[in-house]
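Data first, discussion second: the structure below is written as structure tokens.
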Ligand code: ADP
């Protein structure tokens, strides 16, 4: 079949495979100009724009009309700054992009652009300098495409994947919580059963050992109450409903209280070296600061390999500096930030129980006081958690 091609006025048959370029008819400069015009007119999926060296529009394709909504006669001669967000324009971004394209030979980006009606869309744009025969800059060409749909689809996928991870984290958390609660509950049940059995056989002995037995029972009850309190805090801290009750207190005293609580909870089978030689008075929420220090000391003992844990408290200007140091399993550098996220854990779950909640809550509580918490650690060499707590927080 033979068809006429308008620009060159030649039959398509000369386009047959095997025809050499030199066999084909010559094209004129006018042909080439017309072809360029047709190119601008024919491509509608991409916005093709030619700029002069100062960023004024010189050619505006049909695709640019479709993508940006401006007709060609409204844009030719105008600065291309009109296609940018007002604050990008004011910050000199259009000029900066030309510079970048000149420096690197091209510039590619995905950024928000503005349509004629003021609405914005995500454009994937490639800007290329156009150089003359001697390398002088004659202008720029930009090819841009509206990629809003693709970005929205990606965002929707990301949200879906975040939601799935949140559900997975919640399920894992519930399983862990049930497991953690079960341990003291089972111990409580076994102790009570033993007491009942003994009361039938040797009532006098049960009466004689009542104080020691109830103390043991109380420890399991305390452990369970602590866990339930933690579960309640998961919701409170996450929804920002946590209220600080700021009052006068002494950080050194709080630390001493936490140290004896930890030792008591372990029935004295652990060692905490408390180094708090002087009072460190300030205004803070003593209950919440106790919770923070307890989480750190409890972790120090749990992950500390059975060795002593140092707890030191000092005043440091207008802040209290509390450090909890253990000589245990340590934390790999890549985990040291992650463990402060909710439900994140780095230690093997088969070996160490826990919710992955303590450090996250501790950081939220310290932040709520205007302070910070950080860790220095290396695997196998122990960890030092440090809390810097303002003594007169701004509220
Ligand atoms: P968990 O209930 O798992 O202990 P945390 O939020 O208190 O939760 O701690 C998060 C993770 O940080 C732990 O699972 C553990 O991997 C790591 N971690 C915390 N403290 C220490 C420590 N002193 N030594 C080693 N690892 C620690």
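Computed quantities for the displayed model
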{"quantity": "Count of residues meeting criterion [over 19 Å from residue 381 (Cβ atoms) and crowded, with 23+ Cβ neighbours inside 10 Å] in the range 298-320", "calculated": "2"}
{"quantity": "Which listed residue, of 233, 273, is touching a strand residue (DSSP E or B) at 6+ places or on another chain (Cβ under 6 Å) and not in a loop (DSSP other than H, G, I, E, B)", "calculated": "273"}
{"quantity": "Qualifying residues in the range 58-88 (those that are assigned to a helix (DSSP H, G or I) and out of contact with any strand residue (DSSP E or B) (no Cβ under 9 Å at 6 or more places or on another chain)) - the one nearest to residue 146 (Cα to Cα)", "calculated": "81"}
{"quantity": "Single match in 376, 319 (criterion: more than 7 Å from the ligand (Cβ to nearest atom), touching a strand residue (DSSP E or B) at 6+ places or on another chain (Cβ under 6 Å), more than 30 Å from residue 162 (Cβ to Cβ) and without any contact (Cβ under 8 Å) to a residue 12 or more places away in the chain)", "calculated": "376"}
{"quantity": "Residue within the range 108-130 that is part of a helix (DSSP H, G or I) and more than 29 Å from the chain's Cα centre (by Cα) present", "calculated": "no"}
{"quantity": "Filtered residues of the range 51-69 (kept if buried (at least 21 other Cβ atoms within 10 Å of the Cβ) and more than 18 Å from residue 117 (Cα to Cα))", "calculated": "51, 57, 61"}
{"quantity": "Near pairs, Cβ below 9 angstrom, 6+ apart or cross-chain, from the range 154-174 (surrounded by 11 or more Cβ atoms within 10 Å (Cβ to Cβ)) to any residue that is part of a helix (DSSP H, G or I)", "calculated": "173/234"}
{"quantity": "Residues of the range 254-275 satisfying the condition of being crowded, with 18+ Cβ neighbours inside 10 Å and more than 36 Å from the chain's Cα centre (by Cα)", "calculated": "270"}
{"quantity": "Output for the range 291-316, where each listed residue is out of contact with any strand residue (DSSP E or B) (no Cβ under 9 Å at 6 or more places or on another chain) and either without any contact (Cβ under 8 Å) to a residue 24 or more places away in the chain or more than 8 Å from the ligand (Cβ to nearest atom) (or both)", "calculated": "291, 294, 306"}
{"quantity": "Test for residue 300: is it outside any strand (DSSP E or B) and at pLDDT below 95", "calculated": "no"}
{"quantity": "Among the residues listed as 27, 13, the single one being modelled with pLDDT under 95 and surrounded by 12 or more Cβ atoms within 10 Å (Cβ to Cβ)", "calculated": "27"}
{"quantity": "Single match in 308, 281, 286 (criterion: on the phi < 0 side of the Ramachandran plot and out of contact with any helix residue (DSSP H, G or I) (no Cβ under 9 Å at 6 or more places or on another chain))", "calculated": "308"}
{"quantity": "Filtered residue count, the range 334-347, keeping only those that are more than 8 Å from the ligand (Cβ to nearest atom) and in contact with a strand residue (DSSP E or B) (Cβ under 8 Å, 6 or more places away or on another chain)", "calculated": "1"}
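The values are calculated or read from the model by the stated rules, or taken from the named source; none is laboratory data. Predicted, not measured: the structure shown is a model, and the values here were computed from it. Backbone-built Cβ (ideal geometry, glycine too); neighbour counts: all protein chains shown.
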